Amino acid sequence: MERFLFPRWTNAFVALLGVLLLGGILYAGTFFLGITSPVTLNIGYQPVQPIPFSHVIHAGKLKMDCRYCHVGVDQAAHATIPATSTCINCHSPASPSGPPVYSAVHDDSNKLVSAKLKPLHDSWRTGDSVPWVKIHRLPDYVYFSHVAHVQRGVSCVTCHDRIDKMEQVYQAKELSMTWCVDCHRNPEPHLRPVEFVTQLDWKPEGEDPADLGARLKAEKNIHPKTNCAVCHR
Amino acid sequence: MSSNGNQNRVRYFRSLAQLENTTEFEEHLHREFPVAASEFPEGVSRRRWMKLMGASLAFGGAAGCRYQVEQIAAFVVRPENHVAGVPNYFATNFEWAGRVMHLLATNMDGRPIKLDGNPQHPMYASSEQKDFHDGKDAKFASAGTDVFAQAAVLSLYDPDRLDRVIRKQEGRSVDSSWAAAESMLNELRTELLKDEGKGFAVLFDATRSPSLRRKLKELSATFPQATISELKSVAYPNQEKVLESVAGGGELVHQLDAAKIIVALDADLLGSDEHAVLYTRQFGMNRTPNSQMNRLYCVESQYSVTGGSADVRLALNSSKLPGFVSALEAAVDAQLGGASADIADSDYSDLSYEAKVARVVQVIARDLVANQGASLVAVGPHHSEEVQLAGLRLNAKLGNIGKSVKVFQKSDPLAGSSVGLAELAARISSGNVKRILVLGGNPVFCGPTEFRLSETLKSAEIIYLTDYEDETAAISSWVLPATHPLETWGDVLSATGVYGVCQPQIEPLLNGHSALEVLGVLIGRPVPAMQFVRETVTELSSGMFTDNQWKQLLHDGFVTMEASLAAVNIDASQKLEAEAGFGDLLKDRKAEVLLLPSPSVYDGRLANNAWLQELPQPVTKLTWDNALIVSPRTAKALDLKQGELARVNHDAVGVDLPVFIVPGVADGSAIAHIGYGRTAAGSVGNGVGHSVQALRRNPGSWLLTGAEIRGTTRPYKLSTTQDHFAIDELGLSEIAKRAPTLVREGTLESYQSDPKFAHVEMHHKIESLWKNPAVNIDYAWGMTIDLNKCTGCNACVIACQAENNIAVVGKEQVARGREMHWLRIDRYFHCDPDRSRRESGFADPVDVTIVHQPLMCVHCENAPCEQVCPVAATVHTEEGINAMAYNRCVGTRYCANNCPYKVRRFNYLNYNTKYGYHYGWQDYRESVNTKLQSLVLNPEVTVRGRGVMEKCTYCIQRVQNGKIKARAEGDGRVHDGDIKSACQEACPTQAIVFGDLNDRASRVSQLQADPRSYSMLEELNVKPRTKYLARIRNVPKELTMNYQRNTLSHGHGAHGDHDMEHATTSAAH
């Protein structure tokens, strides 16, 4: 009985198959490990904001505390973007009697300031919000709480990096689930005394950071959990 | 284990279908998922479904593309003390579904998303639980609410609400504006002032608002000739007349916590009564068998919530109640005169019906006489004046008046200046009233037919203030949008005279104005509503009301004041003359029809509320329908069949209603709920159910005798959930032989002799195959549900729906068993097995009792669902909560299949599509107008999409936030009572208790240590965290039935089942 054999020319397919397989693996690898990785997708996201607000000036040079503007951060889940009135405290527009005395940066009408503050003053006049663009965005099914972290001594810098050095804020960390879980499994390096939470350049003095972390963890009874319900409800 | 349980089995059944073991029930039992579960609705049903979706809720989570620009709209000026995402709580009070609600509104970022009872309100505080004297009472206070209050937020965000002024000219509707309406009202005033308001009338929806009544008084002073009339859709004129005659008018309020013996005679105190929430709280206070147990007798024709909670219930036709009351009065008189109760020694179970009635009369009389001053007799307000007077007389003779039965004085500024509906109708038809301002109430649909309001009103020009474009709007020349009570200033005066303020939680969403504002414009004194309310409260507090008092009022929600008690003068020498015949109504094929306000849609005004429509009604478990509820024997005698329409003829009026058979309803009585069959309710409520309004001839026509009922053979599909998610004992027959039944109950007597009756020793030591990971690191969350306190009122079901963003699925989907309620209340019937078998082969069960069992995920420590999930989407937390990670779920449904309690709910379809909840490229949510209905969503809970399993999470969002709060603001520990689940908070009797089992002193730990505590399906070794407390019936010895004595007392129900066809044989141990 004559056995069926593939013709010899089909041998080329074996090589082709190999190439396709390799290519597929390469493609899938690049796609899933590279392109869609939070490192690629998330880090460096820097949308254009309506006002080029500089954290370098406010948080860096002027050393304003984070909580002056982000009032919810130690009280609630949301850190909150400041209300227009918070900015107006310093950047008030001109009144009929001229620019106010305490105004740090004056209204554009007297040519003392660039038009960059126009959206702010428009908001103040019209009552509509300044259309800030959200940068650090978690999916809606993630329930992150700022207060839970800030009140336990996890600094802003842990997730947002050195905001005080960012002229324009961008996302510096992955904020992915693995990244969160890593810290929940090993919180010690990220703990500091609560009073230094908003001091972004703080370094432990006179104590080994590892010891400090362990001490704070024990003191504050911190044992972060990693079950699903911690963040997903 | 006892062996005497074998002969007289406790038999619980969910429906007659189960009792007769029909194929339909078998299917429900065996199929893990109902028929064609993945079929998409097609054709008409599909369109209907889509429409429903348009009015329930939900919009989407913005899961999706990373670089989609999302804006943050910060405040321009941050409101004082407002922190984004932290709810504020405001006390408010309003009238809703004929009840005065005293509420605490949860206001999340400026929108009310949840309503609960105000625990500090004196009406509730007086009935505070005193079970736990550890100084923590106030913390545990949760006032409880009812279904209507829980569902009120959905109505606020209903996109079907009227959002514009409509003007009808020459038969055409034109959109108009408030400015035009205002100038119309101003012109009207000028015109009316000419001849003192002649030819003008105001018809207003019944109200307890002192401000509105004061405003109407002002109107009558401005236009003395105007006619003012009140429309009360659920009115009991007979009760009013009796109170008028004995106390010069007033409010009758019972004090159930002051009564050891409560006799409800056709009075649904815990169900449809106006004060049901208060009564339920008071009732629950004395339902602890260890300390105090009241005794509730219920004699009624329907099977009400009260009947289900009763210790002794007697089914009696409403038309025979006069005879019963007369006999009771005679017996009480005799016993007060020194005679001893005439109670024979024979066994209650074997008595004939007439003998049972006589026995019950004697026993009630004995109990009443033994508890003078601490008992109460309540007669249904729909009964005749004589019968109600007899009820009050009994209370007077027993010294209950002023103690457990109170009549509060009532002062009405409108007294004398308003006329009845009849007079108004007459004035319209005679042409004396040409223009009429209707303030809500939908008189065309709700008004009694006697006055033919739908006809007579047409001859007048109607200005109608309404929240929907309803039946009355269709014949009005001006239709003005009204505000929801959460959008407006107002006030209420409770029946006991406590003043409560209604403060707006949000600006009017749909351009509405309140009746106060409209009347203000009309009479030319357009005072802002807040100012007017403040004037009212100042007037009520005799002219002095400081700013501080006002602030305190806004904080507390009420002013501590109480009406004084009215003097009740009753001639004790009178007697109720009534024929004491208890014969069979069905002999001449005549029946009585009892009309009742609906437990879901009230008088029809809530018809467009999808949560309420889909709520399984307390006893029938019907959704999206009303029905003619009859007993099996009535059905047989009148040739009625379940699932077919019946024709009810009474006094030349006929209505069609689908038949629903409920065992335990009095033979010859048929019960129908009003408020269905709306034609202009909105997209949800249109065409739901059948209208019985035609039978509502006059305000007092609730009980119609001599009705002719016959079956038509036209089929009609009802969606009832009574057989859904039946827990399959059958499949576990081997275990069932040893295991007790799911619900356990006993008599007080048996409990006292054997407190641990509900506890069952396992025959074999139960061991797990593997060791569970260590849990309970900080807390061990657990729950207890006291079946003795649960009345099955359903408040928890809607509370859960509101808290957890649970989707509404529509009638067709419910029929397929796809309802999404995380919390269901299983209602089990129970009957005298011997007699039922002997007399009718269980076709017509005898002495039917009810047990309600709320059931949601019990959070097994050894959870079967977790063990089969291929993607670990359902896993345990360290604190013992069985959590769901929706985003992991791929929809295999293995978990639901493996859940012995059947508490998991699957999103067969994307129930949230119409609200913009889509996936991937379909995610066009911004283009869909989702704004209004989506506001009702709780932002703390994920909205689930198609293909995802969901279930009770023990309100994980409350647990997590509670822990975070304790760390941030407290001492780092969550203390008992800090975290309450939504169902617990809504429960008026505090039957549901949630807490930390690691804390030995916590309430839930103490309750789980109670001898009545048991786990459901304990033998499966799943170790549920939710435990139940067995129900105890405080049945007097003389009325204890055989089966109660023999079997209930031992609770070991599920020995071999000799009665059922699917019996197992072995029972000997």
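The values are calculated or read from the model by the stated rules, or taken from the named source; none is laboratory data. Nothing here was measured: the structure is a model prediction, and the numbers come from that model. Backbone-built Cβ (ideal geometry, glycine too); neighbour counts: all protein chains shown. In case anyone asks, the SASA skips ligands and DNA or RNA and just uses the protein heavy atoms, side chains included. Shrake-Rupley method; radii C 1.70, N 1.55, O 1.52, S 1.80 Å.
Figures for the structure shown
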| quantity | calculated |
| --- | --- |
| Matching residues in the stretch B:211-225 - criterion: being in a loop (DSSP other than H, G, I, E, B) and open to solvent by less than 10 Å² (accessible area, probe 1.4 Å) | B:Phe223 |
| Qualifying residue in the stretch B:181-190 (condition: of a type in the set (Gly, Ala, Ser) and farther than 20 Å from B:Val419 by Cα) | yes |
| Entirely in the stretch A:26-100, the helices (runs of 4 or more DSSP H) that have 3 or more residues that are at pLDDT below 90 | A:38-41 |
| Output for the stretch B:252-263, where each listed residue is assigned to a strand (DSSP E or B) and within 15 Å of B:Ala276 (Cβ to Cβ) | B:Leu252, B:Val253, B:His254, B:Ile262 |
| Helices (runs of 4 or more DSSP H) within the stretch B:418-531 that include 2 or more residues of a type in the set (S, T, N, Q) | B:453-456 |
| The stretch B:290-304: number of residues that are open to solvent by 10 Å² or more (accessible area, probe 1.4 Å) and in contact (Cβ under 8 Å) with a residue 60 or more places away in the chain | 6 |
| Test: residue in the stretch B:966-978 that is touching a residue at least 40 places away in the same chain (Cβ under 8 Å), open to solvent by less than 20 Å² (accessible area, probe 1.4 Å), in contact with a Gly (Cβ under 6 Å, 6 or more places away or on another chain) and more than 14 Å from chain A (Cβ to nearest Cβ) | yes |
| Contacts under 7 angstrom Cβ, first residue in the stretch A:32-61 being β-branched (Val, Ile, Thr), partner open to solvent by 70 Å² or more (accessible area, probe 1.4 Å), 6 or more apart | A:Ile51/A:Lys116; A:Val56/A:Lys165; A:Val56/A:Glu167 |
| Hits in the stretch B:66-106 (condition: more than 11 Å from chain A (Cβ to nearest Cβ), of a type in the set (Phe, Trp, Tyr) and open to solvent by 20 Å² or more (accessible area, probe 1.4 Å)) | B:Tyr89, B:Phe90, B:Trp96 |
| Qualifying residue in the stretch B:874-890 (condition: within 19 Å of B:Tyr908 (Cβ to Cβ) and assigned to a loop (DSSP other than H, G, I, E, B)) | yes |
| Of the criteria (1) free of Cβ contacts under 8 Å to residues at least 60 places away in the same chain; (2) farther than 23 Å from B:Asp116 by Cα, which one B:Pro508 fails | (2) |
| Total residues in the stretch B:253-282, condition open to solvent by 20 Å² or more (accessible area, probe 1.4 Å) and over 21 Å from the mean Cα position of the chain (by Cα) | 2 |
| Residue that is outside any loop (DSSP other than H, G, I, E, B), open to solvent by 10 Å² or more (accessible area, probe 1.4 Å) and away from every other protein chain (no Cβ under 14 Å), where the choices are B:Gln867, B:Gln853 | B:Gln867 |
| Entirely in the stretch A:138-233, the helices (runs of 4 or more DSSP H) that have 2 or more residues that are within 14 Å of chain B (Cβ to nearest Cβ) | A:146-150, A:177-185, A:209-219 |
| Odd one out for B:Arg633 among (1) open to solvent by 10 Å² or more (accessible area, probe 1.4 Å); (2) farther than 24 Å from B:Ile798 by Cα; (3) outside any helix (DSSP H, G or I) | (3) |
| Residue among B:Arg161, B:Arg189, B:Arg208 that is assigned to a helix (DSSP H, G or I) and either charged (D, E, K, R) or modelled with pLDDT of 90 or more (or both) | B:Arg189 |
| Counted residues, the stretch B:164-179 - those being out of contact with any strand residue (DSSP E or B) (no Cβ under 7 Å at 6 or more places or on another chain) and part of a helix (DSSP H, G or I) | 1 |
| Cβ-Cβ under 8 Å pairs, at least 6 apart or on other chains, the stretch B:520-536 side under 16 Å from B:Thr483 (Cβ atoms), far side aromatic (Phe, Trp, Tyr) and buried (at least 17 other Cβ atoms within 10 Å of the Cβ) | B:Gly520/B:Phe532; B:Pro528/B:Trp489; B:Ala529/B:Trp489; B:Met530/B:Trp489; B:Phe532/B:Trp489; B:Val533/B:Trp489 |
| Matching residues in the stretch B:874-899 - criterion: being within 14 Å of chain A (Cβ to nearest Cβ), surrounded by fewer than 22 Cβ atoms within 10 Å (Cβ to Cβ) and among the β-branched types (Val, Ile, Thr) | B:Val875 |
| Candidate set: the stretch A:101-138, residues that are modelled with pLDDT of 85 or more and touching a Ser or Thr at 6+ places or on another chain (Cβ under 7 Å); chosen: the one surrounded by the fewest Cβ atoms within 10 Å (Cβ to Cβ) | A:Ser129 |
| Any hit, the stretch B:649-659, residues being under 14 Å from B:Tyr676 (Cα atoms), surrounded by fewer than 20 Cβ atoms within 10 Å (Cβ to Cβ) and acidic (Asp, Glu) | yes |
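One line per residue, one yes/no per condition, for (1) touching a Pro at 6+ places or on another chain (Cβ under 7 Å); (2) acidic (Asp, Glu); (3) surrounded by 17 or more Cβ atoms within 10 Å (Cβ to Cβ); (4) closer than 22 Å to B:Thr306 by Cβ:
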position	(1), (2), (3), (4)
B:Val325	no, no, yes, yes
B:Ala330	no, no, no, no
B:Ala339	no, no, no, no
B:Asp345	no, yes, no, no
B:Lys356	no, no, yes, yes
B:Val360	no, no, yes, yes
B:Val369	no, no, yes, no
B:Leu376	no, no, yes, yes
B:Gly380	no, no, yes, yes
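For every residue, the table says whether it meets (1) assigned to a helix (DSSP H, G or I); (2) more than 14 Å from chain A (Cβ to nearest Cβ); (3) among the β-branched types (Val, Ile, Thr); (4) surrounded by fewer than 24 Cβ atoms within 10 Å (Cβ to Cβ).
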position: B:Met783; (1), (2), (3), (4): no, yes, no, no
position: B:Ala799; (1), (2), (3), (4): yes, yes, no, no
position: B:Gly817; (1), (2), (3), (4): no, yes, no, yes
position: B:Ile825; (1), (2), (3), (4): no, yes, yes, yes
position: B:Arg835; (1), (2), (3), (4): yes, yes, no, yes
position: B:Arg838; (1), (2), (3), (4): yes, yes, no, yes
position: B:Pro845; (1), (2), (3), (4): no, yes, no, no
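One line per residue, one yes/no per condition, for (1) touching a strand residue (DSSP E or B) at 6+ places or on another chain (Cβ under 7 Å); (2) among the hydroxyl-bearing types (Ser, Thr, Tyr); (3) touching a residue at least 12 places away in the same chain (Cβ under 8 Å); (4) surrounded by fewer than 24 Cβ atoms within 10 Å (Cβ to Cβ):
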| site | (1), (2), (3), (4) |
| --- | --- |
| B:Thr449 | no, yes, yes, yes |
| B:Lys458 | no, no, yes, yes |
| B:Leu465 | yes, no, yes, no |
| B:Glu469 | yes, no, yes, yes |
